[in-house]
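Here's the structure, in structure tokens; my notes come after.
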Amino acid sequence: MMSKVLKLNNGRELPVVGLGTYKSGPGEVKKAIKDAIDAGYRHFDCAWFYGNEAEVGIGLRAKIDEGKVKRQDLFITSKLWNNFHAKDQVVPMLKETLNNLKLDYVDLYLIHWPFGFKETASLWPVGKGAAAYSDVDYLETWQGMEECVNLGLAKSIGISNFNAEQIERLLKNCKIKPVCNQVEVNPNLNQKKLIEFCKQRDIVVVGYCPLAAISLGISVIPKSVTKSRIIENIDIDFTLDPEDVAYLDSCNKNQRVCPLAEFKNHKYYSFNTEY
Ligand SMILES: NC(=O)c1ccc[n+]([C@@H]2O[C@H](COP(=O)([O-])OP(=O)(O)OC[C@H]3O[C@@H](n4cnc5c(N)ncnc54)[C@H](OP(=O)(O)O)[C@@H]3O)[C@@H](O)[C@H]2O)c1
């Protein structure tokens, strides 16, 4: 079954359902990618931070070499990690990701989080406090992202975990508009206001930790390494009754699976505002 597509603000198309790859472990992610391509997935959500892009690349390459898919039929997303927000680090980090994925370009490159860590800090500097923070402005990072498009290394660029205020500030200071904001969306956190805010600005929302976040006019990227679930998760070609939507709305508690509250004192932390 093939996924429907959403139109991005630069004219490109994003398959609505993608496969998440966070915590898809060694020895299982290659198979998950291959099963997903066989099941009709064409959109894959990856990140340098997930540490598994090389194995993702082996799965993708196997299916391309087999003739099952062409590179141009795939939509591959990756993300820039927080330790590398300085403008001159963005292109080298994307080149490292491309090398791991064994690709010449990604379809979408995202700033994973709006706040940065020092390059010398650990990748996950919990308990280190402000000493681990970098104050590089995400507007500077964005200039590096734009360079990725100009060099042909990314077809589209976007953001992840940005709040409305940060998006507005970026829109006022960019040459290339972000095509999407990838954020957590699920029944506990329906993100109605942020989704509407993004829609008004022609920015697509991609929902993560999304199981059951359907019928919202957004893209979703459920993760699974289990073949039967991979097949089940792309087979969502139905719409919910208004009563079901109302029930799901009533589940909203504005609770996050990924609050990253350890970093809430960072200047560019994004979840201190309503949305
Ligand atoms: N931008 C960001 O900051 C950010 C943050 C978090 C996640 N993400 C992206 O979003 C993706 C999805 O989020 P997530 O991985 O946190 O959570 P998720 O997709 O909501 O849930 C994944 C879990 O649900 C299980 N599962 C999958 N399909 C199922 C089904 N049909 N029935 C029952 N259980 C099922 C999986 O198990 P099995 O694998 O064992 O089948 C896995 O344990 C990530 O993989 C990543 O690509 C992005």
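One table, with the values for the structure above:
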| item | result |
| --- | --- |
| Extreme residue, nearest to the ligand (Cβ to nearest atom), among residues of segment 231-245 that are without any contact (Cβ under 8 Å) to a residue 40 or more places away in the chain and open to solvent by less than 60 Å² (accessible area, probe 1.4 Å) | L240 |
| Filter result for the condition that a residue is open to solvent by 20 Å² or more (accessible area, probe 1.4 Å) and either without any contact (Cβ under 8 Å) to a residue 12 or more places away in the chain or of a type in the set (A, V, I, L, M) (or both), over A154, A164, A131 | A131 |
| Residue under evaluation P187, criteria (1) within 16 Å of the ligand (Cβ to nearest atom); (2) closer than 23 Å to Y269 by Cβ; (3) open to solvent by 10 Å² or more (accessible area, probe 1.4 Å); (4) not aliphatic (A, V, I, L, M), criterion not met | (2) |
| Count - residues of segment 160-176 that are in contact with a Leu (Cβ under 6 Å, 6 or more places away or on another chain) and within 16 Å of the ligand (Cβ to nearest atom) | 1 |
| Residue list for segment 252-275, restricted to those being open to solvent by 90 Å² or more (accessible area, probe 1.4 Å), more than 27 Å from S3 (Cβ to Cβ) and outside any helix (DSSP H, G or I) | K253, N254, Q255, K264, N265, K267, N272, E274 |
| Hey, K227 surrounded by fewer than 18 Cβ atoms within 10 Å (Cβ to Cβ) and in contact with a Lys or Arg (Cβ under 9 Å, 6 or more places away or on another chain) or not | yes |
| Answer from P114, P125 - the residue that is on the phi < 0 side of the Ramachandran plot, open to solvent by less than 20 Å² (accessible area, probe 1.4 Å) and under 19 Å from the mean Cα position of the chain (by Cα) | P114 |
| Candidate set: segment 212-230, residues that are under 15 Å from the mean Cα position of the chain (by Cα), within 12 Å of the ligand (Cβ to nearest atom) and assigned to a loop (DSSP other than H, G, I, E, B); chosen: the one nearest to K172 (Cα to Cα) | I221 |
| Selection status of V179, within 20 Å of V245 (Cα to Cα) and crowded, with 23+ Cβ neighbours inside 10 Å | no |
| Among (1) within 14 Å of the ligand (Cβ to nearest atom); (2) open to solvent by less than 60 Å² (accessible area, probe 1.4 Å), the one test that D249 misses | (1) |
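Let's see how each residue does on (1) out of contact with any Asp or Glu (no Cβ under 9 Å at 6 or more places or on another chain); (2) over 20 Å from N10 (Cα atoms); (3) at pLDDT 95 or above:
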| residue | (1), (2), (3) |
| --- | --- |
| V69 | yes, yes, yes |
| W81 | yes, yes, yes |
| V91 | no, yes, yes |
| L98 | no, yes, yes |
| G116 | no, yes, yes |
| S134 | no, yes, yes |
| Q143 | yes, no, yes |
| N161 | no, yes, yes |
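The values are calculated or read from the model by the stated rules, or taken from the named source; none is laboratory data. Please read all numbers here as calculations on a predicted model, not as lab measurements. We place every Cβ from the backbone using ideal geometry, glycine too, and count neighbours over all the protein chains shown. Side chains included, ligands, DNA and RNA excluded: accessible areas come from the protein's heavy atoms. Shrake-Rupley method; radii C 1.70, N 1.55, O 1.52, S 1.80 Å.
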